[in-house]
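K.L.:
After the structure tokens below, expect a handful of questions from me.
The values are calculated or read from the model by the stated rules, or taken from the named source; none is laboratory data. All values reported here derive from a predicted model rather than from experimental measurement. Neighbour counts run over all protein chains shown; Cβ positions are idealised from the backbone, glycine included.
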């Protein structure tokens, strides 16, 4: 089975980052980046922009790939499969933020990100990204999303 490709966009405005409270679907109840699955026929970057527009109403016009995170054998919708998440930091966008049925966006100071309200893997790699580093990570969870293993590598500048 081919890996599932997903995107994760974090908007950044100075010392603030925008994350989203997931209201339904996979990850409901967690604070996340904005994103979702890459559709057939679109690039990962196109998916990142589309998902951000669909979920919070803004179209990101400048962004940078800052992390690739691999989830080995992630249990998703009744199936175990490798999931590859491409994370971006968006620094320019058009439009007005809005809350949708799926996401409630919220700004956080970079030193006050509530990691305890996020997936457990985020605390291992996201601080590096927020500090301006690029990372690659690999995580494995049990079927009920307890962390089994983690590895994060900061990439050279």
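K.L.:
Out of the range 113-139, which residues are outside any helix (DSSP H, G or I) and more than 21 Å from residue 25 (Cβ to Cβ)?
P.N.:
As a first pass, look at the range 113-139 and keep what is outside any helix (DSSP H, G or I): 113-114, 118-121, 131-139.
Residues satisfying the conditions are 113, 131, 132, 133, 134, 135, 136, 137, 138.
K.L.:
Can you name the condition, by its number, that residue 86 falls short on among (1) under 21 Å from residue 1 (Cβ atoms); (2) at pLDDT 95 or above; (3) in a loop (DSSP other than H, G, I, E, B)?
P.N.:
(3)
K.L.:
From the set of residues in the range 94-148 that are on the phi > 0 side of the Ramachandran plot and within 17 Å of the chain's Cα centre (by Cα), which is surrounded by the fewest Cβ atoms within 10 Å (Cβ to Cβ)? Show your work before the answer.
P.N.:
We begin by selecting, within the range 94-148, every residue on the phi > 0 side of the Ramachandran plot; these are 95, 132, 145.
Keeping just the survivors that are within 17 Å of the chain's Cα centre (by Cα) gives 132, 145.
On the way: 132: 9, 145: 13.
Of everything passing the filter in the range 94-148, 132 is surrounded by the fewest Cβ atoms within 10 Å (Cβ to Cβ).
K.L.:
Can you tell me which residue among 17, 49 is assigned to a strand (DSSP E or B) and surrounded by 13 or more Cβ atoms within 10 Å (Cβ to Cβ)? Spell out how you get there, then give the answer.
P.N.:
Details: 49 fails: assigned to a strand (DSSP E or B).
Exactly one residue qualifies, and that residue is 17.
One line per residue, one yes/no per condition, for (1) in contact with a strand residue (DSSP E or B) (Cβ under 9 Å, 6 or more places away or on another chain); (2) at pLDDT below 95; (3) within 15 Å of residue 91 (Cα to Cα):
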residue	(1), (2), (3)
2	yes, yes, no
9	yes, no, yes
16	yes, no, yes
19	yes, no, yes
27	no, yes, no
39	no, no, no
46	no, no, no
53	yes, no, yes
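K.L.:
Check the range 91-112 and report whether any residue there is under 20 Å from residue 137 (Cβ atoms) and outside any strand (DSSP E or B). Walk me through how you get there before you give the answer.
P.N.:
Looking only at the range 91-112, we keep the residues that are under 20 Å from residue 137 (Cβ atoms), and these are 110.
Still in the list and also outside any strand (DSSP E or B): 110.
Yes.
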